[in-house]
Amino acid sequence: MKEVNCMNTLSKEDVIFFLDAIGSTSSPNTTYRFNKRSPYMEYLKDRNSEQCRRFLRVAEVLWPLVKNDRKAVVLESRWGIYEGIISLKDLGVRLGLKINESVRYLQKKCEGELAKQLAEHFDLLPEHKRVRVSTVEQDVDSNEDWSYRGYLK
């Protein structure tokens with residue numbers, strides 16, 4: 001119940017801003033960026049900017065949704081919540097990981113989990129990503145010839 005309460009304190013605009021900032025594909029404004037940094041990295045360069053304060057405010061509200069301590073440390077360090085942004089290499093050393101990509105993987109996995117929860121709560125998922133529950137069962141005619149589809153030969 002605490003999870004829903006923390007999400008209710010956010011506006012839909014704040015959520016979309018946050019999803020855009022982390023580069024989530026759950027955002028209605030999704031743009032694909034290959035080999036580019038997430039927009040929040042630019043926001044966090046100027047700690048006094050409105051975008052930085054807004055990003056950190058939303059991140060603070062979402063903090064109760066992060067269940068895993070290791071993921072929490074990764075997000076806290078990569079988002080620069082309590083101190084500056086820590087590099088993948090330094091954070092990998094701190095966590096005892098040998099590969100920087102392991103840190104990036106944890107970060108993206110947790111961001112994806114948060115994005116999914118937010119998108120579902122605020123009904124932001126595109127139609128093709130929503131879970132479809134069919135109430136009508138389709139009967140398949142047992143006499144239908146499936147050979148034209150390549151299923152039977």
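The values are calculated or read from the model by the stated rules, or taken from the named source; none is laboratory data. Bear in mind the structure is a predicted one, so any value in this text is a computation, not a measurement. FYI the Cβ positions are ideal-geometry reconstructions off the backbone, even for glycines, and counts take in every protein chain you see. Surface accessibility is based on the protein's heavy atoms, side chains included, excluding ligands, DNA and RNA. Shrake-Rupley method; radii C 1.70, N 1.55, O 1.52, S 1.80 Å.
Of all residues in the stretch 52-95, those that are free of Cβ contacts under 8 Å to residues at least 24 places away in the same chain and of a type in the set (S, T, N, Q) total 2. Within the stretch 91-129, the set of residues being over 28 Å from Asn8 (Cα atoms), open to solvent by 90 Å² or more (accessible area, probe 1.4 Å) and in a helix (DSSP H, G or I) comprises Val93, Arg94, Glu101, Arg104, Tyr105. Residues of the stretch 98-134 that are of a type in the set (A, V, I, L, M, F, W, C) and either modelled with pLDDT of 90 or more or within 24 Å of Cys6 (Cβ to Cβ) (or both): Val103, Leu106, Cys110, Leu114, Ala115, Leu118, Ala119, Phe122, Leu124, Leu125, Val131.
Right, Arg104: over 14 Å from the mean Cα position of the chain (by Cα) and basic (Lys, Arg) or not? Judged against the criteria, Arg104 is not a match. The residue pairs whose first member lies in the stretch 100-119 and is in contact (Cβ under 8 Å) with a residue 24 or more places away in the chain, whose second member is open to solvent by 70 Å² or more (accessible area, probe 1.4 Å) and of a type outside the set (A, V, I, L, M, F, W, C), and whose beta carbons are closer than 7 Å, counting only pairs six or more residues apart or on different chains, are Leu106/Arg70.
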